[in-house]
1. Being among the β-branched types (Val, Ile, Thr), touching a strand residue (DSSP E or B) at 6+ places or on another chain (Cβ under 9 Å) and closer than 29 Å to Gln145 by Cβ narrows it down to one residue among Thr79, Thr84; which is it?
2. Pairs please, first residue from the stretch 155-182 and closer than 18 Å to Thr84 by Cβ and in contact (Cβ under 8 Å) with a residue 60 or more places away in the chain, second anywhere and within 16 Å of the ligand (Cβ to nearest atom) and outside any helix (DSSP H, G or I), Cβ atoms under 6 Å, 6+ apart in sequence or on different chains.
3. Could you pull out the residue among Leu169, Leu209, Leu216 that is more than 16 Å from the ligand (Cβ to nearest atom) and either touching a strand residue (DSSP E or B) at 6+ places or on another chain (Cβ under 9 Å) or not β-branched (Val, Ile, Thr) (or both)?
4. From Thr75, Thr84, grab the single residue that is closer than 27 Å to Ala186 by Cα, more than 16 Å from the ligand (Cβ to nearest atom) and out of contact with any helix residue (DSSP H, G or I) (no Cβ under 7 Å at 6 or more places or on another chain).
5. Quick one: in the stretch 76-110, of everything that is within 27 Å of Leu63 (Cα to Cα) and of a type in the set (Ser, Thr, Tyr), which residue is surrounded by the most Cβ atoms within 10 Å (Cβ to Cβ)?
6. Could you grab me the full set of residues in the stretch 12-30 that are out of contact with any Gly (no Cβ under 6 Å at 6 or more places or on another chain) and either in contact (Cβ under 8 Å) with a residue 24 or more places away in the chain or surrounded by 17 or more Cβ atoms within 10 Å (Cβ to Cβ) (or both)?
7. Of the residues that sit in the stretch 175-204 and are buried (at least 16 other Cβ atoms within 10 Å of the Cβ) and in a loop (DSSP other than H, G, I, E, B), which one is nearest to the ligand (Cβ to nearest atom)?
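The values are calculated or read from the model by the stated rules, or taken from the named source; none is laboratory data. What you are looking at is a predicted structure, and each value in this text was computed from that prediction instead of being measured. Glycine gets a Cβ as well: all are built from the backbone with ideal geometry, and neighbour counts include every protein chain shown.
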Amino acid sequence: MLEFRQVHKSYSTPQGPQYVLSGVDLRLAAGESLALMGESGSGKSTLLHLAAGLDLPERGEVLIGGTSLAGLSETGRATLRRHTLGLVFQQFHLIPSLNVADNLLLQARLAGREDSRWTARLLERLGLVKHQHYYPEQLSGGLQQRLAIGRALAPRPALLLADEPTGNLDETTADTVLGLLLELVAESGSSLLMVTHSPRVAAPLDACLILHHGRLLPERPTP
Ligand SMILES: Nc1ncnc2c1ncn2[C@@H]1O[C@H](COP(=O)(O)OP(=O)(O)OP(=O)(O)O)[C@@H](O)[C@H]1O
């Protein structure tokens, strides 16, 4: 579903180029879940941005569903994102002028995949039925986080990319939301790549890799 082949990425700094990724190889099969860990500044968000086609590597290739992102125009990458990817970033990116239900529906419609039964299921499982006519600003942070997850999953994306999706929540709420996320990812049949700092959060996923000095190391975290 997602493949990195010898991906290199650097940023320019006053001291010259700073390499963040130095030959990253990664394969995530359909339906598989993978946690990505690593120290602050190790390049996890950089890797996620490359996986989403929001940025391109200097060397190497990123492929989604067998399609090389470098071979697409910016518009082509945006279309692929809309149809294939769900993104949950630390900023929720909710649409303030739409209520909860319409936030979900719009996302599915943009991907050409409206499914009222799936949307109703998401609202129910995420505990948002009571709030479906609320606007995002009327929700608590925890509920906004649930809505962000619902929006990303509304089109049943082939691949969900999540950056610390429970990072802003207290531990108990985070456990509940993570449990829901994994359950809905499985129901949706999506692959999952999730950045987290927490071995506890990484533990239920199929595999865990650590980003260290620009490379990925295999590791099974202890809960
Ligand atoms: N646009 C940019 N320009 C220059 N340097 C950048 C840019 N984005 C990231 N960096 C640098 O690249 C390195 C990796 O950043 P990145 O945000 O990918 O790490 P991270 O592992 O996600 O960190 P955190 O866990 O703190 O979110 C850092 O040293 C950062 O300062």
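1. Details: Thr79 fails: touching a strand residue (DSSP E or B) at 6+ places or on another chain (Cβ under 9 Å).
It is Thr84.
2. Final answer for the pair search is Leu161/Ala52; Leu161/Leu87; Leu161/Leu193; Ala162/Val88; Ala162/Met194; Asp163/Phe89; Asp163/Gln90; Asp163/Val195.
3. Values: Leu209 fails: more than 16 Å from the ligand (Cβ to nearest atom); Leu216 fails: more than 16 Å from the ligand (Cβ to nearest atom).
When all the criteria are applied, what remains is Leu169.
4. Working: Thr75 fails: closer than 27 Å to Ala186 by Cα.
Residue meeting the stated conditions: Thr84.
5. Thr84
6. Answer for the stretch 12-30, where residues must be out of contact with any Gly (no Cβ under 6 Å at 6 or more places or on another chain) and either in contact (Cβ under 8 Å) with a residue 24 or more places away in the chain or surrounded by 17 or more Cβ atoms within 10 Å (Cβ to Cβ) (or both): Gly23, Val24, Asp25, Leu26, Arg27, Leu28, Ala29, Ala30.
7. Among residues in the stretch 175-204 that are buried (at least 16 other Cβ atoms within 10 Å of the Cβ) and in a loop (DSSP other than H, G, I, E, B), the one nearest to the ligand (Cβ to nearest atom) is Thr196.
Yes or no, residue by residue, for (1) at pLDDT below 95; (2) closer than 20 Å to Phe92 by Cα; (3) of a type outside the set (A, V, I, L, M):
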{"residue": "Ile149", "(1), (2), (3)": "yes, yes, no"}
{"residue": "Leu153", "(1), (2), (3)": "yes, yes, no"}
{"residue": "Glu164", "(1), (2), (3)": "yes, yes, yes"}
{"residue": "Leu182", "(1), (2), (3)": "yes, yes, no"}
{"residue": "Val185", "(1), (2), (3)": "yes, yes, no"}
{"residue": "Arg200", "(1), (2), (3)": "yes, no, yes"}
{"residue": "Arg215", "(1), (2), (3)": "yes, no, yes"}
